[in-house]
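The values are calculated or read from the model by the stated rules, or taken from the named source; none is laboratory data. For clarity, every value in this text was computed on a predicted model and none was experimentally measured. FYI the Cβ positions are ideal-geometry reconstructions off the backbone, even for glycines, and counts take in every protein chain you see. Remember, those area values only see protein heavy atoms, side chains included, never the ligands or the DNA or RNA. Shrake-Rupley method; radii C 1.70, N 1.55, O 1.52, S 1.80 Å.
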Amino acid sequence: MPVYDPKTIEEKWQKRWKETGEFKTETDSSKKKYYVLEMFPYPSGRIHMGHVRNYVIGDVIARGRKRQGYNVLHPMGWDAFGLPAENAAIKNRVQPADWTYDNIRYMQEQLKSLGLSYDWEREVATCSPEYYRWCQWFFLKFYERGLAYRKVSSVNWCGSCNTVLANEQVEGGKCWRCENDVIQKQMMQWFFRITDYADELLKDLKNLKGWPERVLTMQENWIGKSFGTEVDFPIKGDVKSGEKAIKVFTTRQDTLFGATFISLAPEHPMVEALIAGLPEAEEVRKFVARIVAAKKISRDIIDKEKEGVFTGRYCINPLTGWEMPVYVANFVLTEYGTGAIMAVPAHDQRDFEFAKKYDIPVKIVITPADKDLKPEELKEAYVEEGVLVNSGEFSGMKSSSALEAIADFLEKKSIGRKTVNYKLRDWGISRQRYWGAPIPIIYCDKCGAVPVAEKDLPVVLPLDLELKFIGDSPLKDSDKFINTTCPKCGLPARRETDTMDTFVDSSWYFARYCSPREDKEALKKSDIDYWMPVDQYIGGIEHAILHLLYSRFFTKVMRDLGLMDVSEPFTSLLTQGMVIKDGAKMSKSKGNVVDPDDLLKKYGADTVRTFCLFAAPPERDLDWSDEGIEGANRFIGRLWRLVERDIEIKKTVSVAGQNNSNNKELSEGALKLLRITNRTIKRVTDDILLRYHFNTAIASIMEAVNEINLIKDEEIKNDPSMQQAYDFSVKTLLTLFWPVAPHVSEELWEMTGEQTPISKTAWPSYDPSMLQEDEITIVIQINGKMRSRVQVPRESGEETIKSVVLSDSRVKEYIGDNNVKKFILVPGKLVNIVIGK
C-alpha cells in the first residue's frame, strides 16, 4: 500500500480538477442554484490563518451543496485598490499596480494549494480598468438620480493617511486602518445619498432571517432612527449672523419644562456667531480647538469625562420662559440631530453630571407615581417613566402620554415640529489618494461640474506616475491626467483628482461575479436573475456596518436602476470568529503569526482544513493549538489505515452490495455497524448542510472511525453481511469527510476501486429505521431550568454529548457571554449547565 504523502496527493487532485474544469459554473435555469461567497481579500501579499479559516468554511458549504445537486457558484477575486498598496509602493519604490498584481499572483497560488473549489474563470480585481469602469458608470447613474452630490463639509481627516474617512471608518476617534487620531476639517467632498434609503435599510432588516441578531442590531443602531420634536429656543439678544433661535432635536419633549441649559457640539456652525464680540469668545475658541484636536468628538464620547465652556449667551425655554445658558460641550455630536441638545439634568444622567460639575440648576419634572423627588436629594438622574410635575397644564399626566401631547402643543404654537431623525449620514466617498478609481467628473469654468460621457469610460488611472511621499497624490501634479476638454462645451477643463472610497468597489462585486466578462454592461440581467441574491455570505463581524450596510444600499440602487429584482444582496450571513494565539488575535505586531505556507508544507492542505474546522464552531474564535493540528494529522492517518484495512480484507473475501436495511438478513454485528454509519450520515448531514456545525460533524466522523476500528478482522471475514456493511461504512465515511478534506478522501476512494470521483456522487442519505433505536433525547437545563432538547446517539460519550449540547442554537443564546462553570451529565437523561459571569 502507498504511504500517505499529502504533497503528491494534493498536487495530483488539484491538477485533475483544473484539467476537468471541476469547478467551472454556468448559468443554467434548468438547475436549482446556490451562490456561496466569502468576502474577497485585499491582496496584501500572503494569506493568513484568518483567510484560511474563512475560505475553508465557504468551501465546505460549496462542496456540500454541489453534492446535493445544486448548481453552485463559488467565485473569488481581489479588493485591490487602497492605501496599503500605495504606502507599500512608496516604501519599496515600486508602482502600486506592480506590487498589487505580484501579490495577487502569489496569493492565488496559495489559495489554489488549499484545494478551494473556486471558479477562477470568474476572478475579478477591482484595480482593473475592466472592473472600475463600471464603478465609474455607477457613479454617473447615482449622479443622474441625485444620489451623488458635492458640498463643502466638515469631514473626518486622517493626517497619517492624508485622506478623508467616512463616519463608519472612524473607530473611537481613530482611523480604522492606521489607528492614528482623526481630526475635523472643512473640505469640498463627493457624497452618496445613502440617507435616501435609511428607512428602507432599517425596515428590511426584519427580512434578513439568516443574519446574526448581533449584526442586525449593529446596523439598526447605526442607522439610528428616532421619533421626536425639533424645538426652537429663541436666542436672547442680537446675534451678528441674524440667527434668532437655536434648533434642538429631542425625543424627550415630555421633559421640556425641566430643560435648564443648552449644549452645542464644538463644530456647530452657530458657535462663532454666538460668541462674536463677547468676553468669553477666546476661551470658547481655545476649548473648541482643544476638543477637536484631541478627538473627543466620536461615537464613544458618552464614556468620556463631560467637559464644557459657557459661551456667554442665553436662550429662552419656550415653555417656561427661563433664561438658559448656552454651553459648548464635548459630548454633543454634530452628526446627530441638529448638533444641539436641550439639557434636562434631573432626567438625563449625562446632563446631571454636567450640571453638577458646572453648578447649573436641576429642575424635576417627572416623579414616580408613589414618591416625591427633591433636586437636592438626587444622587443620579431619574430616567424611568412617571408622572409629570412642575409642567404647567401637563402636570399629572403620565410621561408616556405627555410625549405626544407636548409635541402637539409645540406644533400648535409654532415653536416646534414633530420630526424623525437618523444617526446615519451620507457616505463621503472622496479620497485624496492615488490608488483608487478616479471620480468621473470634469470641472469647466463655464459649465461647472460635468459628468464624463459614458462612452469615454473608463477614466483610466495612469500607472506611470511617481509617488513621492505619503499623502501627496501624483494625480494633482499630472497635467496629462488633469487637462481635458469639457464634454458639454468643448472648452479646456480639468479632471477631478480625488479617487473613490474603496468601499464603492466592494459594494457590488458580488453581482459582477454573475457575469464577470460582460463588456457591454455592468450586469447581465439574465445572469443576475438566476444567481442573485447570494445564498450564503461569509466574513468577519468587523464588516457589520461598513461593507454590509454599503452593499445593501448599493443593491437597492441597482434594483431601482432596473439591474436586478432583489432588494437585499445576502440571504444568509455567517460571521466567523478570529484566529487567536497566545491570547490575542494573530498579527505581525504581536509576533504570534502562524504562516499557512509552513503548515501546508509540513502537514498538507487537508490537515490544515480539518484543524480549522474542528477546533471551534465557525462563529467562535479559534484558539491556535500545535497539539490540535497534530491531532488532525493523526486522524487522517487513522482514516488512511482504516481504508488500507478494508482493501486488505477485500483481497481475501468477496464484498458486494450496498447498505442493506432489511434487518432480517443482517447479522447483529452488521446491524450495529450500519446503525453507526446511518447515525453518522444524519449527524454530518445536519451539521454540514443545515447548521454549519463543522466541528461536531468532524467529531461524528472521528467517533465512527474509532468505533469501526474496534471491530476485529475475524468478525468481518466470517460474516458476509458484515463484509458488505464494513465496505459500505468505510466508503460512506470518505464521502462525508470529502468536503472537509477533499484530496485524501478522493485518493482513498479511488484506492478502494471506485471509478467515479466522490465529487460526481450524490450526498449519502440515511435510513430512518436505522436510527430509531440508536438515538436518545437529552433534556438540557441551564441553571436548573429546562431550555432545550437534543438527539444524540445512545452510546455517545460525555465529550460528544457536550459538543452537541453546546452547539445547540438555543443553548448558545441562553449562555451568551456568560461562562460555563459546570457541565453536569445525568447519563441517558439530561444535562444541567451552570453559567455565570
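Ranking ILE262, TYR42, LEU205 by Cα position along the charge dipole of the chain, where only Lys, Arg, Asp and Glu carry charges on their C-beta atoms, puts ILE262 farthest toward the positive end.
Principal axis extents of the C-alpha atoms in the range 368-439 (largest first, rounded to whole Å): 65, 36, 18. For the range 73-193, the alpha-carbon coordinates run over 48, 37, 28 Å along the three principal axes, in decreasing order. Think of each Lys and Arg Cβ as +1 and each Asp and Glu Cβ as -1; about the Cα centre, that makes the dipole of the chain roughly 580 debye.
Among residues other than ILE580 whose Cβ falls under 12 Å from its Cβ, what is the net charge (Lys/Arg +1, Asp/Glu -1)? It works out to a net charge of +2.
Under the rule of -39500 (n - 2.57) per DSSP H run of 4 or more residues, summed and divided by the residues of the chain, what mean residue ellipticity at 222 nm is obtained, to the nearest 500 deg cm²/dmol? Before the final figure, lay out the partial values.
Working: 26 runs with 300 residues, N = 837.
Rounded to the nearest 500, it is -11000 deg cm²/dmol.
Let a ≥ b ≥ c be the square roots of the eigenvalues of the Cα gyration tensor of the range 460-508; is it rounded (a/c under 1.5), or, if not, prolate (a/b larger than b/c) or oblate?
On the way: a/c = 2.60, a/b = 1.24, b/c = 2.09.
Oblate, since a/c reaches 1.5 and b/c is not below a/b.
Helix 605-614 versus the longest principal axis of the chain: what is the Cα-based angle in degrees, 0 to 90, to the nearest 10? In the chain, helix 605-614 runs at an angle near 60 degrees to the longest axis.
For LYS357, the lysines whose Cα falls under 22 Å of its own Cα, not counting residues fewer than eight places away in the same chain, are LYS286, LYS295, LYS296, LYS304, LYS306, LYS374, LYS379. With contacts taken as Cα pairs under 8 Å and at least 6 residues apart, the chain reaches a relative contact order of 14 percent.
Mind checking the per residue accessible area of the chain for me, 1.4 Å probe, whole number of Å²?
Values: 36060 Å² over 837 residues.
Per-residue accessible area for the chain comes out at 43 Å².
Normalised by residue number, the volume inside the convex hull of the Cα atoms of the range 688-837 is 138 Å³ per residue. In units of the compact-protein estimate 2.2 N^0.38 Å, the range 163-213 shows a Cα radius of gyration of 1.56. When Rg and the Kirkwood Rh are both derived from Cα coordinates, the Rg/Rh ratio for the range 459-574 amounts to 1.08. When only alpha carbons are used to place a centre, the range 606-642 and the range 684-712 end up 13 Å from one another. Every Cα-Cα pair in the range 502-641 was counted, and those over 21 Å apart are 57% of them.
Rounded to the nearest 10 degrees, the angle from helix 742-751 to the longest Cα principal axis of the chain is 10 degrees.
What net charge do the residues around LYS651 carry, taking every other residue with its C-beta under 13 Å from that of LYS651, with Lys and Arg at +1 and Asp and Glu at -1?
Numbers: positive: ARG645, LYS650, LYS717; negative: GLU644, ASP646, GLU648, ASP713, ASP727.
Net local charge, LYS651 excluded: -2.
About the Cα centre of the range 81-142, what is the dipole size in debye to 20, counting +1 per Lys and Arg Cβ and -1 per Asp and Glu Cβ, all else neutral?
Values: 7 positive and 8 negative charges, 41 e Å.
Dipole about the Cα centre, nearest 20: 200 debye.
Taking packing as the residue-averaged number of other Cβ atoms within 10 angstrom, the listed peptides 94-104, 277-287 run from highest to lowest as 94-104, 277-287. For the range 317-333, the residues whose backbone nitrogen is under 20 Å from a point 7 Å from the Cα of THR195, taken along Cα to Cβ, are 332-333. Counting only Cα atoms, the size of the chain along its three principal axes is 106, 77, 49 Å, in decreasing order. Holding the Cα-Cα limit at 27 Å, pick out from LYS468/LYS488; LYS363/LYS412; LYS12/LYS32; LYS225/LYS398; LYS446/LYS520 the pairs that are longer than that. With Cα atoms farther than 27 Å apart: LYS468/LYS488; LYS12/LYS32; LYS446/LYS520.
For ALA148, neighbours were defined as the other residues whose beta-carbon sits under 9 Å from its Cβ, and their charges (Lys and Arg +1, Asp and Glu -1) total +3. Kirkwood radius for the range 392-538, taken over all pairs of different Cα atoms as the inverse mean of 1/r, rounds to 20.5 Å.
Over the range 350-471, with a single point scatterer placed on each C-alpha, what log10 of the ratio I(q)/I(0) does the Debye formula yield at q = 0.14 1/Å? Result of the Debye calculation: -0.79. Here's the picture: charge each Lys and Arg Cβ at +1 and each Asp and Glu Cβ at -1 in the range 382-444, and of ILE439, ALA407, ILE429 the one pushed furthest to the positive end of that dipole is ILE439.
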